[in-house]
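Data block below; observations after.
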Amino acid sequence: MVDGIAMHALVSAEPDAGRMPVVLVHGLGMSSRYMAPLAACLARDVPVFAPDLPGFGRSSDPPRALTVPGMAAALAGWMDAMRIGRATLVGNSLGCEVLVELGLQRPDLVERLVLQGPTPDPEHASPLRQISLFLLTSLFERPSIARVALVDYLRAGVWRYARTFRHMTRYRMAAGLPQIAVPALVVVGARDYLVPRAWAERMTRLLPQARLVTVPRAAHGMNYSHPREMRDAILPFLRAPPGATRPYRSRSAPGAAARGP
């Protein structure tokens, strides 16, 4: 329970003092089911946790749709309750905003960040444009993602989805990036038209310790549609020794491009 809200999570193993846990945070309207393919690929290497943010998946509903800072605070409360003292955090889309905000609120919980398919800068992408690009990108996802999304969207409801979308599109992630002192990896799919390459490159420059990786053939939901390729792209980063600084040497999926700012 976090402030009276029951939070559900997929858990591969109990926290292990000898291995840094990985926490996966889903995108808008989705749940831990959407992160499950990536979780399964990572579980043999690291302890994996995939929570449902309040109001989504099997977590209970807060009285109102949470803002990005509210979701970050809930995630911090859940990590405290689970006794996950510090973790590598992997977010998709809206989850990237939540993790950046978590890094600002509770830097003690963040060992390193993986920001996959980060939401576009709201100053350069209108909500209508984001919706149209989302529909285009969906053509390159695994077809079964539609069933997962439909169930999760129905569970969240139109009102909560719309209010959370509004909070997401108003959040100024770029303002907080220079304050994120931990190593970070920005990951985008070559077919993710929702995330402009200029924005991914700008994020990488704004983060003090960051590297950008592009995964061929993958789209916005590569954690679901291309989990093995995403695992291959991020695992060297996850295994990097504590305290390592950039530039990171990272092997991604075959043919992927990796570069620093």
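The values are calculated or read from the model by the stated rules, or taken from the named source; none is laboratory data. The structure displayed is predicted, hence computed values, not measured ones. Here Cβ is always computed from backbone atoms with ideal geometry, including for glycine, and neighbour counts include all displayed protein chains.
Buried (at least 22 other Cβ atoms within 10 Å of the Cβ), closer than 21 Å to MET173 by Cα and β-branched (Val, Ile, Thr): does that describe VAL23?
The answer is yes for VAL23.
Aliphatic (A, V, I, L, M), surrounded by fewer than 20 Cβ atoms within 10 Å (Cβ to Cβ) and at pLDDT 90 or above: does that describe VAL182? In short, yes.
Quick test for you: out of ARG228, ARG205, ARG160, pick the one residue that is in contact with a Cys (Cβ under 7 Å, 6 or more places away or on another chain), assigned to a helix (DSSP H, G or I) and more than 11 Å from GLY117 (Cα to Cα).
So the residue among ARG228, ARG205, ARG160 that is in contact with a Cys (Cβ under 7 Å, 6 or more places away or on another chain), assigned to a helix (DSSP H, G or I) and more than 11 Å from GLY117 (Cα to Cα) is ARG228.
Per the listing GLU123, GLU101, GLU97, the residue uniquely among the acidic types (Asp, Glu), at pLDDT below 95 and either closer than 27 Å to GLU201 by Cα or part of a helix (DSSP H, G or I) (or both) is GLU123.
Considering segment 60-92, and only residues there that are outside any loop (DSSP other than H, G, I, E, B) and polar (S, T, N, Q), the residue that is surrounded by the most Cβ atoms within 10 Å (Cβ to Cβ) turns out to be ASN92.
For VAL195, the test of being buried (at least 17 other Cβ atoms within 10 Å of the Cβ) and in contact with a Gly (Cβ under 7 Å, 6 or more places away or on another chain) is passed. Restricting segment 216-240 to residues that are small (Gly, Ala, Ser) and within 18 Å of VAL23 (Cα to Cα), which is modelled with the highest pLDDT? That would be ALA233.
Report yes if some residue within segment 135-148 is at pLDDT 80 or above, in contact with a strand residue (DSSP E or B) (Cβ under 7 Å, 6 or more places away or on another chain) and under 14 Å from MET35 (Cβ atoms); otherwise report no. No, segment 135-148 has no match at all. Counting only residues that are out of contact with any Pro (no Cβ under 7 Å at 6 or more places or on another chain) and either over 18 Å from VAL195 (Cβ atoms) or without any contact (Cβ under 8 Å) to a residue 24 or more places away in the chain (or both), segment 83-104 holds 7 of them. Scanning segment 29-52 for residues that are touching a residue at least 60 places away in the same chain (Cβ under 8 Å) and of a type in the set (Phe, Trp, Tyr) returns a single hit, TYR34. Taken across segment 83-90, residues that are farther than 21 Å from LEU238 by Cα and either touching a helix residue (DSSP H, G or I) at 6+ places or on another chain (Cβ under 7 Å) or at pLDDT below 95 (or both) do not occur at all. Residues in segment 18-51 that are within 23 Å of THR67 (Cα to Cα) and charged (D, E, K, R): ARG33 alone. Cβ separations smaller than 9 Å between residues 6+ apart or across chains give the following pairs from segment 1-24 residues that are under 16 Å from GLY85 (Cβ atoms) to residues that are assigned to a loop (DSSP other than H, G, I, E, B) and at pLDDT below 80: ARG19/ALA13; MET20/PRO242; PRO21/ALA13; PRO21/PRO15.
Within segment 180-202, residues that are over 14 Å from ARG217 (Cβ atoms) have Cβ atoms under 7 Å from residues that are part of a helix (DSSP H, G or I) and among the β-branched types (Val, Ile, Thr) in these pairs: ILE180/VAL100; LEU185/ILE234; VAL186/THR204; LEU194/THR137, counting only partners at least 6 apart in sequence or on another chain.
Before we move on, is GLY57 modelled with pLDDT of 90 or more, assigned to a loop (DSSP other than H, G, I, E, B) and either within 16 Å of the chain's Cα centre (by Cα) or surrounded by fewer than 20 Cβ atoms within 10 Å (Cβ to Cβ) (or both)? Yes, satisfied.
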